[in-house]
Amino acid sequence: MTQLWAVLRKDLLIEWRARAHGVALVSFAITLLLLFSFAVGPNANVLRAHASAYLWMGLVLTSSLQLARSFQVETESNALDTLVLAPVSPPALFYGKALSNTLQLFGVGLVSLPAVIALYDVEVKEPAGLLLLTLILGALGLAAPGTLYAGLTARLAARQLMLPLLLFPLVVPCLLAAVKATTLILQGDPMDQIGSWLTLLACFDALYWSLCGVLFGKVIDA
Amino acid sequence: MRWELPLTALGLLLLVVGHGIGLFVAPPEAMMGDVGRILYAHVPTAWVALVAYLAAFVAAVGSLWSGRFTWDAAVAATVEVGVVLNGLLLAQGSIWARPTWGVYWTWDPRLTTTAVMFVMFVGVLLLRSLVEVAERRLTVTAVAGIVAFANVPVVYFSVKWWRTLHQDFSSPETVSSPMVTPLRIAAFGMLFVAIGIAVMRWRAIYAAVQRETESPALPDMPAPLKLPEVP
Amino acid sequence: MTPGSGMITGGWGFVWAVYGLTWTVVIVYLSVAWSLSRRSK
Amino acid sequence: MDSPLPEPAAAPVIEAAGLCRRFGGRWAFARVDLRLMAGERLLIVGANGSGKTTLLRALSTSLPPTEGRLRLFGMDPVAAPEAVRSRVALLSHAVGLYEDLSGAQNLSLFARLMGKEPGRVAALLEQVGLDPRRADPIRTYSAGMRKRLCVALVLLKEPALVLLDEPFAALDPKGMDQMGELIAALPGAVVIASHQVERAGALCSRAMLLEGGLPRWQGPARSAWAAWTAVHGARE
């Protein structure tokens with residue numbers, strides 16, 4: 001376990017010392033939100049109706065950049081071999097990195113929220129806490145398969161392309177549930193369905209956090 | 001002996017018989033009329049595509065477990081067959097949707113899952129083609145195959161849930177008896193053909209992997225060095 | 001799916017399209033697979 | 001019950017039989033038989049591309065051998081990777097540390113990862129002469145300083161087997177002397193791959209000459225130079 005926290009701490013420390021990259025990611029996400037509104041046009045009703053879709057599409061697209069970078073740090077400096085030889089147990093490396101990616105994705109989501117509320121003139125009908133919970137569950141849903149595939153494509157030449165191509169179909173359920181839950185939170189939830197969508201999201205997270213953890217060991221050894 | 005040849009021939013025969021009955025003998029469907037006859041081509045493709053992906057999943061687990069290239073070639077062959085059938089399935093589905101629901105694409109849970117499945121397994125094949133080192137390619141293909149397959153039920157149920165909040169489509173769940181016989185014949189036909197193709201592909205892929213990984217003869221030991229006696 | 005007189009008459013064009021497509025894919029893929037497996041003897 | 005079983009003869013640190021590694025159709029090294037006991041020090045010499053680095057990476061378990069049998073401390077590295085790797089340290093060409101983190105941060109990170117006392121980091125940095133630059137990201141370190149940081153990492157791990165790939169490369173003469181002292185002070189078994197035949201030879205008891213990936217000669221370290229000249233001809 002201590003190895004897991006050490007990996008997490010290291011990742012966050014590197015992100016802090018190379019903050020410029022984090023800022024770039026956030027501005028990328030905000031730019032996407034702007035692009036969506038230009039693409040859709042200034043009609044406030046339409047924008048408000050699909051605000052959660054824009055938020056989550058922004059997050060998914062940003063996640064592929066963030067995840068690609070999460071292993072670049074290791075492969076660029078050959079630190080991966082040093083970690084494997086330390087030895088760091090593969091699950092510790094995976095969950096440490098996945099948690100770090102989750103926190104960073106959650107951070108990007110959190111910063112995008114005010115932009116979404118402002119740009120799309122949205123107000124939060126259900127308690128805001130639910131929104132944060134959805135963001136966390138969604139970030140978890142992106143981070144687990146994302147970290148596995150980042151490890152898988154780390155040494156590939158075409159990883160910038162392959163990571164999103166492999167990841168996006170995988171996160172369809174996570175995207176569906178997150179957008180649904182967020183819409184209900186923003187526009188009100190008369191039939192009280194948020195609970196079921198968040199459960200689906202949680203199940204998706206549980207499946208991938210366990211499956212990807214098991215498979216990651218093989219990916220690292222190869 | 002290449003046992004897949006007779007099997008494929010049998011498959012083709014069954015396919016001809018199944019389709020023949022389905023097209024000319026079986027009654028038209030109550031609602032869709034003759035358009036319903038697409039069933040005998042569409043449903044077998046769907047079943048066999050899923051069987052191919054299931055076989056790929058089993059092969060991927062075997063491949064990761066044993067690390068042997070026979071399994072790796074099996075994963076590649078079955079995924080490839082699955083992807084081809086999956087692509088065919090999508091084309092059939094949209095052609096069928098046109099007269100039935102008046103659109104080329106509907107968010108019917110099965111059709112949507114098929115589309116997501118198609119993109120995922122195409123991703124597996126693409127990933128495989130990008131990795132040069134045979135051992136790493138084995139791992140990468142197997143892991144991507146396992147995750148892709150595990151995602152299929154998840155996508156299906158979440159899309160089903162995502163759709164049923166709107167309205168449920170009439171989907172040919174129950175097939176009445178006079179239609180079952182041609183459907184079953186065609187299904188076995190497609191299955192045998194698919195197995196035959198998969199085995200042929202396996203032979204070609206395994207041969208290629210073997211050529212790539214055949215280990216050259218070990219260089220023989222050089223003559224031991226005799227050193228002048230050091231005083 | 002129940003038998004009976006179909007409401008949508010015709011539609012054979014779509015049927016032939018699907019069967020034609022299915023058989024083309026099966027035959028082409030089969031022959032490609034066959035030739036590749038023979039060449040790799 | 002007669003006397004308890006005799007303490008099993010300390011298993012050899014390295015036991016390799018017919019070890020080979022291939023990349024596609026080319027043998028990086030082949031037919032390597034080696035037996036290294038605790039406390040013994042082996043020098044591996046050979047021209048560039050003779051397979052020294054690959055062999056070292058295989059012995060460190062970071063590269064699985066294609067064929068042959070390898071046991072470290074009597075254990076199979078494939079079956080018990082973590083038990084074996086916790087006692088082995090590899091100093092390779094690649095620094096393998098985080099460029100954005102400082103020397104101190106890198107060492108304390110690996111101290112935590114390896115379950116070692118982070119408190120020792122300061123003393124180690126001083127021992128390798130990096131204390132003044134301890135807080136700067138290693139991106140700003142020179143090649144020599146990076147090598148010393150790697151040595152500090154090896155010392156931090158207190159491994160039973162140390163594999164050094166060209167330890168003297170990129171060091172000034174003073175740095176080489178310091179490196180020599182550090183290596184001499186290493187407690188466990190040591191394997192050095194180096195072109196500095198005399199300097200490294202003086203630190204080792206045994207030597208092996210690799211040529212084209214094949215072990216051409218094994219013998220006492222003092223004859224390493226003679227073996228080299230026998231194969232590659234003396235320098236004019």
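Rounded to whole Å and sorted largest first, what semi-axes of the equivalent ellipsoid does the C-alpha gyration tensor of chain D yield via the square root of 5 times each eigenvalue?
After diagonalising the Cα gyration tensor, the semi-axes are 28, 24, 17 Å.
Looking only at the protein assembly as shown, where both bridge partners belong to it, what percent of the DSSP beta bridges are antiparallel (to the nearest 5)? Don't skip to the answer; put the middle values down first.
Details: 22 of 40 bridges.
In the protein assembly as shown, DSSP labels about 55 percent of beta bridges as antiparallel.
Just how far, in whole angstrom, is segment A:15-54 from segment D:107-158 if you go by their alpha carbon centroids?
That distance is 42 Å.
With runs of 4+ DSSP H residues as the only contributors, calculate the mean residue ellipticity of chain A at 222 nm using -39,500 (n - 2.57) per run, divided by the residue total and rounded to the nearest 500. Could you put the intermediate results ahead of the total?
On the way: 10 runs with 189 residues, N = 222.
Taken over chain A, the calculation gives -29000 deg cm²/dmol.
Consider a paramagnetic label point 7 Å from the Cα of residue A:214 along Cα→Cβ; state which residues of segment B:48-90 have an amide N under 16 Å from it.
Residues passing the 16 Å test: B:57-66.
Using r as the Cβ-Cβ distance of residue B:13 and residue B:133, and R0 as 35 Å, what FRET efficiency do you calculate, to the nearest 0.05? Working shown, then result.
Working: r = 43 Å, r/R0 = 1.23.
Efficiency for this residue pair is about 0.25.
Which residue fluctuates the most in chain D, going by a Gaussian network model with Cα springs under 10 Å, if the choices are D:47, D:189, D:224?
D:47
Taking the 0 to 90 degree range and rounding to the nearest ten, how far is the long axis of helix B:177-213 tilted relative to the main principal axis of chain B, both from C-alpha atoms?
Relative to chain B, helix B:177-213 is tipped by roughly 20 degrees.
Specify the residue with the greatest mean-square fluctuation among A:128, A:68, A:157, computed from a Gaussian network of chain A linking alpha-carbon atoms under 10 Å apart.
Looking only at A:128, A:68, A:157, the largest GNM fluctuation is found for A:157.
Write down the Å³ per residue value for the convex hull defined by the alpha carbon atoms of segment B:58-153. Walk me through the numbers before you get to the answer.
Working: hull volume 7.5 nm³, N = 96.
Dividing the Cα hull volume of segment B:58-153 by its residue count gives 79 Å³.
Using only alpha carbon pairs under 8 Å that are at least six residues apart, calculate the relative contact order of segment B:27-184 and give it in whole percent. Walk me through the numbers before you get to the answer.
Details: 160 pairs, mean separation 44.6, N = 158.
28 percent.
Put a dot 7 Å past each Cα toward the Cβ at residue A:192 and residue B:31; how far apart are the dots in nm?
Computed distance between label sites residue B:31 and residue A:192 equals 3.4 nm.
Please find, in a Gaussian network model of chain B (springs between Cα atoms separated by less than 10 Å), the residue of B:104, B:156, B:206 whose mean-square fluctuation is greatest.
B:104
Please give the contour-minus-distance gain from residue A:111 to residue A:160: 0.36 nm per residue of separation, less the Cα-Cα distance, rounded to one decimal in nm. List each step's numbers first, then the result.
Values: separation 49, 0.36 × 49 = 17.64 nm, distance 2.43 nm.
Result: 15.2 nm gained on full extension.
Over chain B, what number does the Rg to Rh ratio reach, with both radii from the alpha-carbon atoms and Rh per Kirkwood? Intermediate results must be reported in sequence, preceding the final value.
Working: Rg = 23.6 Å, Rh = 20.0 Å.
Rg divided by Rh gives 1.18.
Average the reciprocal distances over every distinct pair of alpha-carbons in the protein assembly as shown, invert the result, and give the Kirkwood radius in Å.
When all Cα pairs of the protein assembly as shown are included, the Kirkwood radius is 29.5 Å.
Name the residues of segment D:180-208 whose amide N is less than 18 Å from a point 7 angstrom out from the Cα of residue D:10 along the C-beta direction?
It comes to D:184-192, D:204-206, nothing else.
Order the peptides D:140-150, B:194-204 from the highest to the lowest mean number of other Cβ atoms within 10 Å of their residues.
Numbers: D:140-150: 18.5, B:194-204: 23.8.
Highest to lowest by the protection proxy: B:194-204, D:140-150.
Through the Karplus equation 6.51 cos²θ - 1.76 cosθ + 1.60, θ set to phi - 60°, convert the phi angles of segment D:84-90 into ³J(HN,Hα) values in whole Hz; use x for Gly and Pro.
With the stated coefficients, segment D:84-90 comes to 5, 5, 6, 10, 10, 10, 10 Hz.
Estimate the FRET efficiency between residue A:24 and residue D:117 by the formula 1/(1 + (r/R0)^6), using the beta-carbon distance for r and 45 Å for R0, to the nearest 0.05. Can you show the working numbers first?
On the way: r = 38 Å, r/R0 = 0.84.
In this case the efficiency is close to 0.75.
Measuring from label point to label point, each 7 Å out along Cα→Cβ, what is the residue A:128 to residue A:199 span in nm?
If labels sit at residue A:128 and residue A:199, their model points lie 2.9 nm apart.
Treating only the Cα positions of segment D:77-138 as identical point scatterers, give the base-10 log of I(q)/I(0) from the Debye formula at each q in 0.26, 0.30 Å⁻¹.
Relative scattering, expressed as log10 I(q)/I(0), comes to -1.20, -1.29.
What percent does the relative contact order of segment D:96-158 come to when contacts are Cα pairs within less than 8 Å and at least six residues apart?
After rounding, I find 44 percent.
Take every DSSP beta bridge whose two residues both sit in segment D:90-236, then give the antiparallel share in percent to the nearest 5. Before the final figure, lay out each step's value.
Working: 7 of 14 bridges.
Taking every DSSP beta bridge within segment D:90-236, about 50 percent pair in antiparallel fashion.
Testing the spin-label approximation: label points 7 Å from Cα along Cα→Cβ at residue A:121 and residue A:48. State their distance in nm.
Computed distance between label sites residue A:121 and residue A:48 equals 0.7 nm.
Roughly how many debye, to the nearest 20, is the charge dipole of chain A about its Cα centre, given +1 on each Lys and Arg Cβ, -1 on each Asp and Glu Cβ, and no other charges?
Once rounded to the nearest 20, the dipole reads 360 debye.
In whole percent, what relative contact order does segment A:2-220 give with Cα contacts below 8 Å and a gap of six or more residues? Intermediate values should be presented prior to the final figure.
Working: 244 pairs, mean separation 60.1, N = 219.
That works out to 27 percent.
So how strong a dipole does segment D:1-151 carry about its Cα centre when Lys and Arg Cβ are +1 and Asp and Glu Cβ are -1, to the nearest 20 debye? Intermediate values should be presented prior to the final figure.
Values: 21 positive and 14 negative charges, 120 e Å.
Using only the charged Cβ atoms, the result is roughly 580 debye.
Over segment B:25-64, what lengths in whole Å, largest first, do the semi-axes of the equivalent ellipsoid take, defined as the square roots of 5 times the eigenvalues of the alpha-carbon gyration tensor?
On the way: eigenvalues 247, 10, 5 Å².
Gyration-tensor ellipsoid for segment B:25-64: 35, 7, 5 Å.
For residue D:35 and residue D:222, calculate 0.36 nm times their separation in residues minus their Cα-Cα distance, and state this gained length in nm to one decimal.
Numbers: separation 187, 0.36 × 187 = 67.32 nm, distance 1.86 nm.
Going from the current span to full extension adds 65.5 nm.
Taking every pair of alpha-carbon atoms in segment D:43-171, give the share separated by more than 19 Å as a whole percent.
On the way: 4322 of 8256 pairs.
Here the tail beyond 19 Å accounts for 52 percent of pairs.
Give, to the nearest whole percent, the P(r) tail of segment A:66-220 beyond 26 angstrom, counting all Cα pairs. Could you put the intermediate results ahead of the total?
On the way: 3769 of 11935 pairs.
Looking at segment A:66-220, the distances longer than 26 Å represent 32 percent of pairs.
Residue farthest toward the positive end of the dipole of the protein assembly as shown, with Cβ of Lys/Arg at +1 and Asp/Glu at -1: which of A:21, B:145, B:133?
Most positive-ward Cα: B:133.
Suppose R0 equals 25 Å. What FRET efficiency, 1/(1 + (r/R0)^6) with r the Cβ-Cβ distance, do residue B:65 and residue D:82 give to the nearest 0.05?
Values: r = 20 Å, r/R0 = 0.82.
FRET efficiency, residue B:65 to residue D:82: 0.75.
What average number of partner chain Cβ atoms lie no more than 10 Å from the Cβ of the residues making up B:10-20? Each step should come with its number before you reach the end.
Working: counts 0, 2, 4, 0, 0, 3, 1, 0, 0, 3, 0.
Per residue, the average neighbour count from other chains is 1.
FYI, it's all coordinate maths here, none of it is from the lab. Predicted, not measured: the structure shown is a model, and the values here were computed from it. Note that we place each Cβ from the backbone using ideal geometry, even for glycine, and neighbour counts take in every protein chain shown.
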